[in-house]
Every structure is written in structure tokens, then in C-alpha cells.
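Engineer: Here it is, the structure, as C-alpha cells.
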Amino acid sequence: MKAKNWLLLLMFGLALSVLAACSGDESKKSSGTKSDGVTEEKVLNFINPEAIPSMDPSLATDESSFVNLAATMEGLYRLDEKTQASPGVASSHKVSEDGLTWTFTLREDAKWSNGDPVTAHDFVYAWQRAVDPATGSEYGPYMMSGVIKNASAISKGELAVDQLGVKADGDFTLVVELENATPYFETLTTFGTFFPLNKKFVEEKGDSFATSSENILSNGPYTISNWTSTSDSWDLVKNEEYWDANTVKMDKLTFKVVKDPQTALDLYEEGTVDRIDLTSDLVDQYSTSDDYIVSPETFSYFIKFNQTTSDALANKNIRAAISRAFDKDALVGEILNNGSIASNGLIPADFTPMPETGEDFRKVSGDLVTYDLKAAKEFWAKGLEELGTDSVELEFLADDDKTTKNLVEYVANQLSTNLEGLKVNIKQVPKEQRLDLDSNMDYQMQLTRWGPDFLDPFTFMNLWTTDSGNNWTGYSSPEYDKLVSETASTLATDSVARYNNFLEAEKVLFEDAAIAPVYQSSRAQLVSPKVKGVFVNPFGATYEYKWADVDTE
């Protein structure tokens, strides 16, 4: 990417970070110094909408997992308050003239929570493990294929893992070879999939690794305690072995799973928790509160269609009809009412500008799939005729929280009302179960979302390539694959041509009705005014807790 484009991206990140600084996490019970001079423990208390699905960096795929991993672990770099890559385990790096070899110098004072040094070998092991087919990682192949040398071939079982383009030159120098020049590679290293792992510890724990607090090693600002894979509460405790422990102000962050919005509100009002998300029915009541904050996000919500489990969904006209048969403006205005906006494409608004003009990608690409009842009925009639039927019954999979329940009930009602002969059966399950059903392709329609992992359209576009580790839909388009593949290969250093390919690929995706865009989210929240230094990232882990603190004045 050209320098001009990066400057715009960083300015965007700074703007979000300013918003985020108001949206942090700290406790009304939290602390400082008592009048008698005794220092109280600093504690922040939060709620989470679900249990943590995974604390294994190679297997994590969701927001809750990556937020907790980012708090307890650290890669080569870490996103700071300006959404820039600040030093993590790496103190510096250099890039070869052709952009293909990155050499990272690691700090020698980085330690695991058991006292072991964090070395270049830990990164080699973790990255090889992430692309090893035996691991079963979704994100390893997704994040590394086409980026790190040989990652794609290894993930397909065509090469041994030791052929991955990463090696240790001694204990504190890591050398990475890329398939193609990748301007955003530095920000990739901040993401959870690229975190290091202590090989001896992982292999000693075997199948128990990352299933409980006792089976996890941390090298980040906090350690996780009182947690198992089924826990509905856990604590993040300051990691005294962390190389930058002096910067970490909080002694502990507590988390409790709360799915009911009214219960969450009650906990906030009694001072038990320090930040909550507000559902639409509560927004108007609290929108004038001093604690009320709306944080724009870059999550895109959409309906996935599994083309392999339903003859109806294998039909493009049926998918196109469903995509246009529900009123998204009413959905965000009445059901969500939290600042979210209707989505008519894949790439979110205000995420990335075009490289030459600086115009927002979403504005340039335009509205590709809008609510259009007339067109929906026409597509529906064509689809039914092609199927030789006058009725279709489909199952709609979603998470089991209350907000999602209201949303999918609204969409299901709209679809059944607007498309004659369609019956939609809702199936709501805990998020971890939905993720399993998704990866096993055991669903028909599914409400899901994607948040960017790095500042580039590729983080969204690569989802739907035929070999993507996250494309659990059966969708495959040689034209789409070619357009996206070129952005990471022959056009890797030509930012203008790359973005033109992205524009074309997005059009192909919706001409094929591969998915149905629904909305781009915002969060309406109540946040304690004592909360300071908690940042919201526009990509990667949503929250950054390293710099969290409490205003005790």
C-alpha cells in the first residue's frame, strides 16, 4: 500500500481509539489509596455475552477468544492506543528490499508466566502448528496461506511443516519469508493466530492444553485464572512475569457471563459491573445518561447459505430472493436501535479508503444488495420454478442471546411473509455450539459476522475463496478466486490495481448471492466514567486492556 493510504488508515484508527478511550472497562469498586495509606487492589468488573470458546491461539476463531488471548498473550507486536503496531516480544525488525524477508529482533527479557524465556523457537513452533493439517486450525491456513512461504501447500498436506517460511536464527532472531510482498504483515503479527507457544508446555499438556487456567502459559499483561472451557466466570490477573509489567496498572479484571440484558443493567446500576451493552429497548431510556456511549464498529453481519445441505439454497435465485426480502433499515432502527447501519455489501463503511482518491471503499463500491421486495419476489418465482416446487422449508441457525433472538425472529417473519411458500424454522444454540455446527457445515442458513483481522479488504475477501479455511458454505467461483488471489500475488505491490480487484470481487460475490448482507454493527453502552485507558480496536481483538486504569479522582 502507498504511504498515503497508510496515513489515512492510521488517522482512522486514531479516531476510533479516541472513541474507544471513553469505552473502556473499570470498576465502580476499583481502587486507589485509602485514607490510611493502604493501597487497595485495583479491580475492573465486566460481563461477557458467552463463555470463552477457546484459549488455544491456533484454534480460536471468535471475538471473546481473541480478546482474552490478547490480554493474556503477546505476539511480535501489539496494537497501541493509536491502532499502531507497538513493540511486543519484538523490539524491532527490518525488511529486505524486495519485501519478502522480515527479520525480527526479539527482546531478551520477555518471559512466560512460568519463568521460561520467550524465544524465536516459540514463534516457529506456534506458526508451524497453526498450519499443520493435524491441528485442525481454521485461522492458521486463512491468515498465513499466500502470505508466509509454503503455508498454503503445508495446510493442504503437500509439504512438511518444517518447510514453512519461518526460522529461528539463534534464540532471539526470527526470520520470516513471505510468498509475496505483504504491506500489512506488521499488523498481522499483532493477531492471536501469530502468538508464540511454549512447545515443551503444549506437548506435556497434550489434549488438556488450553482447557483450563492450569493448562495455559501466558506471556502477556495478564494471566487467566478460575477458568475452564465451560466456565461462566473467570479472572484476568496481572502477570508479574510480563516484560512490561510496570505499565500494567490493574491488578485484576473479572468477567461473568450474562446473557439477559436486564440482568446486565441491574448489575451496572448497583455498581457490580463497569460496562454493559444496551439492547434497543433500553437505548432511548439511557441515551441522555453521562455514561452512555455509542462506539462504531467494523463488524459485518450477514446470512450464510450452505449450498450443500439444501437443494433450495443451492439455487442462486432462491438465495438472491432471501437476500432482498427483509427490511434492513427497519431492523437496525427498530430491533437494534444502537447506531448500527444497514449493510448492502461486504466491506464495512469507514474501514479503508481507496489508495489514490481517499474515498471510502464502501461508498465507491456502492449498494450491491438492498431491500427490494419486487426483485425478491421475481427471484423467488424463478427459483421455485427451477426447483419444481411451490414451497421451501429452511432452518435458520443463530446464537442464543436475547438480541440475536429478536433479530432472527424479525428476519424469519419478514422472509416467511414476503416470500410465499417459505417456512423458516429458527434454531438458537450457544455460540460455541454454533461455531462447531458452522465448521462441520451442519446448518442451512446462519446469522454470523466477521470483524477484520488487519487493515486491508483482503481480511474480508479471502473468506469466500474456494480453499479458505472459513468458507463453510460450498460456494466456489473461479472468477472470484482469481480476483482475490491476484491481490496477494501479482498485484501485491500495486495498491490501485489491488483495490480495483477487490471492487470487482465484491460484485461477483453478490451477483452469485453467496451471502446476504444484514448490518454493520455499533455498540450502545453504559461505561463507568472511572474507566480509563481501555481501547477499542477497529481490527483484531476488540478490546485492549494492557493500558487499562481507573480514575480515582
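The values are calculated or read from the model by the stated rules, or taken from the named source; none is laboratory data. Note that the coordinates shown come from a computational prediction; the quantities given were computed from them, not determined experimentally. Cβ: placed from backbone, ideal geometry, glycine included. Neighbour counts: every protein chain shown. Only protein heavy atoms, including side chains, enter the accessible area calculation; ligands, DNA and RNA are left aside. Shrake-Rupley method; radii C 1.70, N 1.55, O 1.52, S 1.80 Å.
Engineer: Please pick out the residue among T263, T254, T272 that is surrounded by fewer than 22 Cβ atoms within 10 Å (Cβ to Cβ) and in a loop (DSSP other than H, G, I, E, B).
Structural biologist: Exactly one of T263, T254, T272 is surrounded by fewer than 22 Cβ atoms within 10 Å (Cβ to Cβ) and in a loop (DSSP other than H, G, I, E, B), namely T272.
Engineer: Condition first: open to solvent by 20 Å² or more (accessible area, probe 1.4 Å) and of a type in the set (S, T, Y). Now tell me which residues in the stretch 150-203 satisfy that.
Structural biologist: S152, S155, T173, T190
Engineer: Only one of V89, V161, V67 is of a type in the set (A, V, I, L, M) and farther than 30 Å from N48 by Cα; which?
Structural biologist: Testing whether each residue is of a type in the set (A, V, I, L, M) and farther than 30 Å from N48 by Cα leaves just V161.
Engineer: Please note which helices (runs of 4 or more DSSP H) are completely contained in the stretch 306-408 and include at least 3 residues that are more than 22 Å from L503 (Cβ to Cβ) and among the small types (G, A, S).
Structural biologist: In the stretch 306-408, the matching helices (runs of 4 or more DSSP H) lie at 373-387.
Engineer: If you don't mind, there's one more thing I want to ask. Of all residues in the stretch 320-329, count the ones that are open to solvent by 20 Å² or more (accessible area, probe 1.4 Å) and closer than 22 Å to D401 by Cα.
Structural biologist: 2
Engineer: Here is a follow-up. Out of the residues in the stretch 129-186 meeting the condition of being more than 25 Å from the chain's Cα centre (by Cα) and of a type in the set (D, E), tell me which one is farthest from T466 (Cα to Cα).
Structural biologist: Filtering first and then ranking leaves D171.
The rows are residues; the columns are (1) within 30 Å of V202 (Cα to Cα); (2) surrounded by fewer than 21 Cβ atoms within 10 Å (Cβ to Cβ); (3) at pLDDT 95 or above.
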{"site": "A15", "(1), (2), (3)": "no, yes, no"}
{"site": "D25", "(1), (2), (3)": "no, no, no"}
{"site": "T33", "(1), (2), (3)": "no, yes, no"}
{"site": "G37", "(1), (2), (3)": "no, yes, no"}
{"site": "P49", "(1), (2), (3)": "yes, yes, no"}
{"site": "A60", "(1), (2), (3)": "yes, no, yes"}
{"site": "R78", "(1), (2), (3)": "yes, no, yes"}
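Engineer: If I ask for residues that are open to solvent by 10 Å² or more (accessible area, probe 1.4 Å) and under 25 Å from the mean Cα position of the chain (by Cα), which ones from the stretch 305-319 would you list?
Structural biologist: Correct list: Q307 only.
Engineer: Does the stretch 294-318 hold any residues that are within 16 Å of G339 (Cβ to Cβ) and modelled with pLDDT of 95 or more, and which are they?
Structural biologist: S300, Y301 - these are the residues of the stretch 294-318 that are within 16 Å of G339 (Cβ to Cβ) and modelled with pLDDT of 95 or more.
Engineer: Restricting attention to the stretch 485-495, does a residue exist that is within 28 Å of P183 (Cα to Cα) and either aromatic (F, W, Y) or in contact with a strand residue (DSSP E or B) (Cβ under 8 Å, 6 or more places away or on another chain) (or both)?
Structural biologist: no
Engineer: In contact with a helix residue (DSSP H, G or I) (Cβ under 7 Å, 6 or more places away or on another chain) and farther than 30 Å from L455 by Cα: is that true of K382 in this structure?
Structural biologist: When the stated conditions are applied, K382 passes them.
Engineer: Related question: Quickly run through the stretch 417-432 and pick out the residues that are at pLDDT below 95 and surrounded by fewer than 17 Cβ atoms within 10 Å (Cβ to Cβ).
Structural biologist: P430 - this is the single residue of the stretch 417-432 that is at pLDDT below 95 and surrounded by fewer than 17 Cβ atoms within 10 Å (Cβ to Cβ).
Engineer: How many residues are without any contact (Cβ under 8 Å) to a residue 12 or more places away in the chain and in a helix (DSSP H, G or I) when one looks only at the stretch 282-303?
Structural biologist: Result for the stretch 282-303: 1.
Engineer: A further question follows. Working carefully through the options S521, S477, S485, find the one that is open to solvent by less than 40 Å² (accessible area, probe 1.4 Å), closer than 23 Å to D360 by Cα and of a type in the set (S, T, N, Q).
Structural biologist: S521 is the lone residue from the list that is open to solvent by less than 40 Å² (accessible area, probe 1.4 Å), closer than 23 Å to D360 by Cα and of a type in the set (S, T, N, Q).
Engineer: Quick check on the stretch 88-99: of everything there that is modelled with pLDDT of 95 or more and open to solvent by 10 Å² or more (accessible area, probe 1.4 Å), which residue is nearest to P117 (Cα to Cα)?
Structural biologist: The extreme case among them is S91.
Engineer: Same structure again: Scanning for something more than 23 Å from the chain's Cα centre (by Cα) and open to solvent by less than 60 Å² (accessible area, probe 1.4 Å), does the stretch 336-349 turn up at least one residue?
Structural biologist: no
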